[in-house]
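What follows is a set of notes on a single structure, which appears directly below.
We did not get these values from a lab; they are worked out from the coordinates using the rules stated. Everything numeric in this text was worked out from a predicted model, so none of it was measured. Positions of Cβ are backbone-derived with ideal geometry, glycine not excepted, and every protein chain shown enters the neighbour counts.
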Amino acid sequence: MTTESKAARPTLPASPPLTERQEARRRRILHTSAKLASRGGFDAVQMREVAESSGVALGTLYRYFPSKVHLLVATMQDQLQHMHETLRKRPPSEQDPGARVAQTLMRAFRALQREPHLADAMVRALTFADRSVSPEVDTVSRLTTAIILDAMAPPVAHHHPSQELARPSISATPEQLSAVRVIEHTWHSALITWLSGRASIAQVKIDIETVCRLIDLTAPGAER
């Protein structure tokens, strides 16, 4: 299955966009994946059960997602997209960019904390992902970067909580983009150490707040 997915990978960019019916089917599959993972983690997500619960043939499921790892990484992508939408409607309130990023990432962390089995399944899938899953992993990374860059933008006053804000765009320096990558690595590592029981939420918060200070230290005009 992995070999077949690798062989098919070069043709994927030329694939036409999904129809409305195909997109609805994909969403059912992702919803089922998240529901099964929430109940029992990585091992609870079995492709045959996902297909049956989603109302699709097993072969159809494999055409959408060549393996369980592909499916769970796509599930993480879907979860991050929902998280991003929520965070844009309720942006961080801190004044300093680094503090806003820390506040945003901790809110995202607590959302994952509410579904520990799902979080564990998605993180394990990212860890197991090989080159055949690179496009999906890259999308997860880009979404995480977008969440961080949005949090760096100055807060906008006087908005309705239900409205998504048109926040100012951020022109990050190369040093800040490097800092964002370090923050992503730290956040991912913090998830793993917390899920394995080797770190408390308090320790995670300290680590996230510490690494997010890089945003302010690498800002234009900041003292080195």
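What list of ³J(HN,Hα) couplings, whole Hz, do you get for region 93-105 from phi and the Karplus terms 6.51, -1.76, 1.60, once you set θ to phi - 60° and write x for glycine and proline?
Values, residue by residue: 9, 5, 8, 7, x, x, 5, 5, 5, 4, 4, 5, 5 Hz.
What is the packing order of peptides 68-79, 180-191, 30-41, 198-209, taking the mean over residues of other C-beta atoms within 10 Å and listing the highest first? Could the numbers behind the result be given before it?
Working: 68-79: 22.8, 180-191: 17.8, 30-41: 19.2, 198-209: 14.8.
Descending packing order for the listed peptides: 68-79, 30-41, 180-191, 198-209.
Full-extension gain between ARG28 and LEU217, please, as 0.36 nm times their residue separation minus the C-alpha to C-alpha distance. Intermediate results must be reported in sequence, preceding the final value.
Values: separation 189, 0.36 × 189 = 68.04 nm, distance 4.37 nm.
Value of the extension gain: 63.7 nm.
If you scale each eigenvalue of the Cα gyration tensor by 5 and take the root, what three semi-axes come out for region 56-138, rounded to whole angstrom and sorted largest first?
Values: eigenvalues 176, 32, 29 Å².
Three semi-axes, in Å: 30, 13, 12.
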